[in-house]
Amino acid sequence: MLRKAFAGSLLTTALTLGMSAGALAELAPESITTGQLPPPHPYRIYLSDVAIGHIVDGRLHVIDGKRLSYEGIVATGYTGQVTLSADRKEIFVATTYYSRLSHGVRTDVVDVHDAQTLKKTGEIEIPPRHAQSLNYKGTIRASADGRWLFVQYATPATSVGIIDLQTRKAVAEVATPGCWSILPAASVGGRFSTICGDGTLLTVSLDDKGQVATQKRSAKFFDADKDPIFIHGEQDGDTYRFVSFHGDVYAARVGGAVAGFEPAWSILNAADRKQGWRPGGYQLIAQHNASGRLYVGMHDKGMEGSHKTPAKEIWTIDLAAKKRVARTPGTNAIALAVSQGEGARLFAYDGVKAAIAAFDVGSKLSLAGRLEHVGETPTQMELH
């Protein structure tokens, strides 16, 4: 009876709209097609979204940052951690799947997707220890030579999984107790450093089979009690830069078997300190290597515990002169990313209004546009 009533209602509606019963029967079925993405370019954004409201079903949003338009989506499972291959041809997602969606048998894999089509092309099974955390760049990284993939593990004991990208197999697990985040060297493919809670850096060097050759700890890099650094670092060759909770810039060199450092310096002056300006956000700095400009999300009236506050301003820092050269409205940024080379563009994720603001980079940042309603709870952007 319900089926007949529904059919009669549909026919009545069609006739009311001026359609004959014959025309209704002749409606052609809709064809479902898949669109082709335009070729990737330096302004393509990969926005990692842990989707806390439905965390078993995370997303990678693919955005055209030139036209500020939505291009596609990649499923990233439970707290999937995302990075691109060294040649930018593949997307790697270290993630967890449970047999009963949110519980049951746990399987951890690295899903592999084609960066042009976004299609899944394979998967690599790894131990069930991938870090189930918010998205940060240092939780999964490819080696500079493209041979290795490094994956942060946490049980909560910390270690790093080593995946051979030639054989597509997990080949080793390196214990890194008390240390977090992966900083691959640019000059040595089988080498990475990690930041330790005592303020040192631990550097791991691998042999040609992915096994540990040396594991050496540096001198103290920063004081975690007096001035802790944000875990997000920006890379320029073998040098990584970080900012601290109190606005100091720290630089580490990770090319050698033991990490080295440069003297720390502050981006704040006396007036800034009086007004309580502090860095804040998640991916809160971006660095344009050729121009030596560092972009930092900042908020005033800062205090203990305000280090995740969205940016009231974005400060442009000249790294050579070690001083601020511009201040720009912050668009509530919690994540920043800048393209490299000429015609650079800075992207800022608005964590309050769920939008991406795009700035053309020059002597000052110039707002080029915004894309509204993107993502739910993202914390990381990577550019192609």
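Surface exposure of the range 88-217, expressed per residue as accessible area with a 1.4 Å probe, stands at 41 Å².
Assigning unit charges at the beta carbon (Lys, Arg +1; Asp, Glu -1) and nothing else, what dipole magnitude in debye, to the nearest 20, does the range 125-284 show about its Cα centre?
On the way: 17 positive and 16 negative charges, 25 e Å.
Using only the charged Cβ atoms, the result is roughly 120 debye.
Between 220, 120, 274, the residue with the greatest mean-square fluctuation in the GNM of the chain (Cα pairs under 10 Å linked by springs) is 274. Only one residue of 306, 162, 242 has its Cα farthest out toward the positive end of the dipole of the chain, where Lys and Arg carry +1 and Asp and Glu -1 on Cβ, and that residue is 306. With helices as the sole contributors, the chain gives -2000 deg cm²/dmol at 222 nm; each DSSP H run of n ≥ 4 counts as -39500 (n - 2.57), and the sum is divided by every residue.
The Cβ shell under 14 Å around residue 109 holds other residues with a net charge of +1, Lys and Arg each +1, Asp and Glu each -1. Just check the range 215-365 against the gyration tensor rule for me: Cα atoms, a ≥ b ≥ c as the square roots of the eigenvalues, rounded for a/c under 1.5, and otherwise prolate or oblate depending on whether a/b exceeds b/c. It is oblate, given that a/c is not under 1.5 and a/b is not larger than b/c.
Here residue 220 is the anchor, and the lysines within straight C-alpha reach of less than 28 Å, apart from those fewer than 8 places off in the same chain, are 137, 308, 322, 323.
Ordering 107, 252, 280 by Cα displacement along the dipole of the chain toward the positive end leaves 280 in first place; charges were set at the Cβ atoms of Lys, Arg (+1) and Asp, Glu (-1). Other residues lying with their Cβ under 14 Å from the Cβ of residue 258 contribute a combined charge of +4, Lys and Arg counting +1, Asp and Glu -1.
Between 45, 233, 95, whose Cα lies farthest towards the positive end of the dipole of the chain when Lys and Arg beta carbons carry +1 and Asp and Glu beta carbons carry -1, centred on the Cα centre? Final value for the positive-end residue is 233. Coupling constants for the range 344-357 follow from the phi torsions by the Karplus curve (6.51 cos²θ - 1.76 cosθ + 1.60, θ = phi - 60°), and in residue order they are 5, 9, 9, 10, 10, 8, 7, x, 8, 10, 6, 9, 10, 9 Hz; glycine and proline get x.
What is the magnitude of the charge dipole of the chain about its Cα centre, with +1 placed on the Cβ of each Lys and Arg, -1 on the Cβ of each Asp and Glu, and no other charges, expressed in debye to the nearest 20? All intermediate terms of the calculation are to be shown ahead of the outcome.
On the way: 41 positive and 38 negative charges, 101 e Å.
With Lys and Arg at +1 and Asp and Glu at -1, about 480 debye.
Counting pairs of Cα atoms in the chain, how many percent are more than 37 Å apart? Walk me through the intermediate numbers first.
Working: 18996 of 73536 pairs.
For the chain, the share of Cα pairs beyond 37 Å comes to 26 percent.
With the chain treated as a Gaussian network of Cα nodes joined by springs under 10 Å, which of 259, 335, 175 yields the largest mean-square fluctuation? Residue with maximal mean-square fluctuation among 259, 335, 175: 175. Counting charges near residue 37 (Lys, Arg +1; Asp, Glu -1) among other residues having Cβ under 15 Å from its Cβ returns a value of +3.
Comparing 275, 340, 81 in a Gaussian network model of the chain (Cα springs below 10 Å), the most mobile by mean-square fluctuation is 275.
The values are calculated or read from the model by the stated rules, or taken from the named source; none is laboratory data. Just so we're clear, the structure is a prediction, and the values are computed from it rather than from any experiment. Here the Cβ is made from the backbone with ideal geometry for all residues, glycine too, and neighbour counts use every protein chain on show. For accessibility, only protein heavy atoms count, side chains too; no ligands or nucleic acids. Shrake-Rupley method; radii C 1.70, N 1.55, O 1.52, S 1.80 Å.
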